[in-house]
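Notes to accompany the following structure.
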Amino acid sequence: MLRDDFFVDDYRPTRRLLNFRFVLRTMGELCMVLFPFLIIALLISLYYPHDTGTKPLAITAGVDAAVGLLLIFIGRDRDRSNIGSREGVMAVTISWFLVSIIGMLPYLFGGFISSVSGAFFEAMAGFTTTGGTVLEEVEQVPRSILFWRASTQWLGGLGIIAFLVAFVPMSGQRATTIFNNEATGVVHQKFDPHIGTMAKWLIVIYMSFTILCTLLFWAGPMTLYDAVCHAFACVSTGGFSTHSQSLGYFDSRYVELVAMIFMTISAIKFALIYFAIVRRQPSRLLEDSETRWYLSLLLIVSLIGGVWLWYSGYHRGGQAVFKSFFTIVSLGTSTSFFSGDYSEWGSFFGLLVLATIFVAGCSGSTSGGLKVVRFVVLAKNLSKELLRRVHPNVVTTIRMGNMLITDKVIVQVTSFFFAYTSLIILATAMVSAEGYALTDSISCAISCISNSGAALGVFGPHGGFSSLSGVSKIFLSLLMVMGRLEIFTVLSLFHPSYWRS
């Protein structure tokens, strides 16, 4: 599913022209992936009396079908042998923008979000599972539209390309080309001889988790509708809720505990879940170095946060520990459900929040952020360099469990870290230029590129992103998709070598 050579700049001049028909057909097929969910949302609007989402959803479904079929028709005679990484980069990147444009139409046609920039931000926040919102009163939006909103993050959680590869017949070369450009991480693990078979297994696991999460939510204080929407948000680590108070609306420790379990699982590498369930090798979960680091970091940071909340008097005893665990797990998996305003729990807890959403979950999961594996490689590489300062002639290696981390991978990780932090600085500058406080601006930037949706101050749990200018909303939407596609997939389109023929 994931490759260890994705970030390597191994450009060699070629005279091969881009296969635009392949790109257009892929875009068209991805549009058709959205169609069933638009129809389900339309049926929901017909079921609930006085639901005003019927017309905007019907129009959007028609537009989606027309655009999808047209693009498939134009790309029908593509050259199957003329497919490479350039086509994969373009197809995946443009497709994410296209589905977000289609995804924003119900908000615009129904007048639920008045500006194009705001509607695009909301749609992109859904598909990238960022979960940031410009909606100030979520309860005022029809249930059908909120279901569509929840569907966008569920589709984006595992990746819209994964659904395409799983359900649309295609050649192994074409499937691998587009799938690898959407997958996250720095190492490659082989599942089955055919990538389509592997994608089907991942979808089955993903759907099974969603159904189980729905049933457990429904067994508590949630209605079936709320249970489905929150299960979509939980398993995808998206964080959209049908209530402005998020999970705090239900005031239920049971709901928060169920959410914690599924958020934690969903931020673990799906490759390991595949091996544990399909290949019956559950020991690989505990043997995986990244998973152990991930769980350890969640535990340590949660305990530190709990002690702080108790010591500072924000909460008492067990409540302090539980509130800290729920908040850190929610933020550390980039889901960003909330049951209280953590931005009011002091500067120290705010620092824990920023650190948590900066790193987030494991590679190959539905979580966003820098990823734990990169954090560990950077930490171990720092230790290695300090050792060389003391013993210049010593020969050392970096390992993640039994896996040797090569110099090539270290270069990939450091390059990614440079791009990641540079984009955060750029976004911080843009937001702060609008007059926002520095802390709020930094948290806003990290929130978007890490696909977390959680921030501090005016962008915190009881705030939102509606006050930003249209330009900032569009730029932050770009930041979201760059974070979701691991930055370099998008940036590759702007490199001169990409366009040389």
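Quick notes on this structure:
- Selection from the range 229-266 of residues that are within 15 Å of the chain's Cα centre (by Cα) and part of a loop (DSSP other than H, G, I, E, B): 236, 237, 238, 239, 240
- Within the range 108-124, not a single residue is surrounded by fewer than 18 Cβ atoms within 10 Å (Cβ to Cβ), within 22 Å of residue 367 (Cα to Cα) and either touching a residue at least 60 places away in the same chain (Cβ under 8 Å) or hydroxyl-bearing (Ser, Thr, Tyr) (or both).
- Qualifying residue in the range 448-471 (condition: among the hydroxyl-bearing types (Ser, Thr, Tyr), more than 16 Å from residue 129 (Cβ to Cβ) and either modelled with pLDDT under 90 or surrounded by 21 or more Cβ atoms within 10 Å (Cβ to Cβ) (or both)): no
- Odd one out for residue 350 among (1) part of a loop (DSSP other than H, G, I, E, B); (2) among the small types (Gly, Ala, Ser); (3) open to solvent by less than 20 Å² (accessible area, probe 1.4 Å): (1)
- Residue match in the range 400-414 (condition: open to solvent by 20 Å² or more (accessible area, probe 1.4 Å), part of a loop (DSSP other than H, G, I, E, B) and either touching a Ser or Thr at 6+ places or on another chain (Cβ under 6 Å) or of a type outside the set (S, T, N, Q) (or both)): yes
- Only one of 382, 386, 299 that is surrounded by fewer than 19 Cβ atoms within 10 Å (Cβ to Cβ), within 25 Å of the chain's Cα centre (by Cα) and of a type in the set (A, V, I, L, M): 299
- Selected residue (criterion: nearest to residue 270 (Cα to Cα)) from residues of the range 367-394 that are part of a loop (DSSP other than H, G, I, E, B) and without any contact (Cβ under 8 Å) to a residue 40 or more places away in the chain: 394
- Among (1) of a type in the set (Ser, Thr, Tyr); (2) part of a helix (DSSP H, G or I); (3) out of contact with any Leu (no Cβ under 9 Å at 6 or more places or on another chain), the one test that residue 335 misses: (2)
- Residue in the range 280-296 that is in a helix (DSSP H, G or I), farther than 20 Å from residue 401 by Cα, among the aromatic types (Phe, Trp, Tyr) and under 26 Å from the mean Cα position of the chain (by Cα) present: no
- When the range 234-287 is limited to residues that are open to solvent by 20 Å² or more (accessible area, probe 1.4 Å) and of a type in the set (Asp, Glu), the one that is nearest to residue 203 (Cα to Cα) turns out to be 287.
- In the range 40-72, the qualifying residues are those that are under 18 Å from residue 108 (Cβ atoms) and open to solvent by 80 Å² or more (accessible area, probe 1.4 Å), and the one that is modelled with the lowest pLDDT is 52.
- From the list 314, 342, the one residue that fits, being in contact (Cβ under 8 Å) with a residue 12 or more places away in the chain and surrounded by 21 or more Cβ atoms within 10 Å (Cβ to Cβ), is 342.
- Here residue 196 meets the list (1) more than 21 Å from the chain's Cα centre (by Cα); (2) part of a helix (DSSP H, G or I); (3) at pLDDT 80 or above almost entirely, failing just condition (3).
- The set of residues in the range 57-77 being touching a Ser or Thr at 6+ places or on another chain (Cβ under 9 Å) and in contact (Cβ under 8 Å) with a residue 40 or more places away in the chain consists of 57, 71, 75.
- Residue check, residue 364 crowded, with 23+ Cβ neighbours inside 10 Å and not in a helix (DSSP H, G or I): yes
- Pair list, Cβ < 6 Å and 6+ apart or interchain, from the range 407-434 residues that are of a type in the set (Gly, Ala, Ser) to residues that are outside any loop (DSSP other than H, G, I, E, B) and open to solvent by less than 70 Å² (accessible area, probe 1.4 Å): 427/445; 427/479; 432/441
The values are calculated or read from the model by the stated rules, or taken from the named source; none is laboratory data. Please read these numbers as outputs of a predicted model, since none were measured by experiment. Cβ: placed from backbone, ideal geometry, glycine included. Neighbour counts: every protein chain shown. The area values use the complete protein model at the heavy-atom level, side chains included, leaving out ligands, DNA and RNA. Shrake-Rupley method; radii C 1.70, N 1.55, O 1.52, S 1.80 Å.
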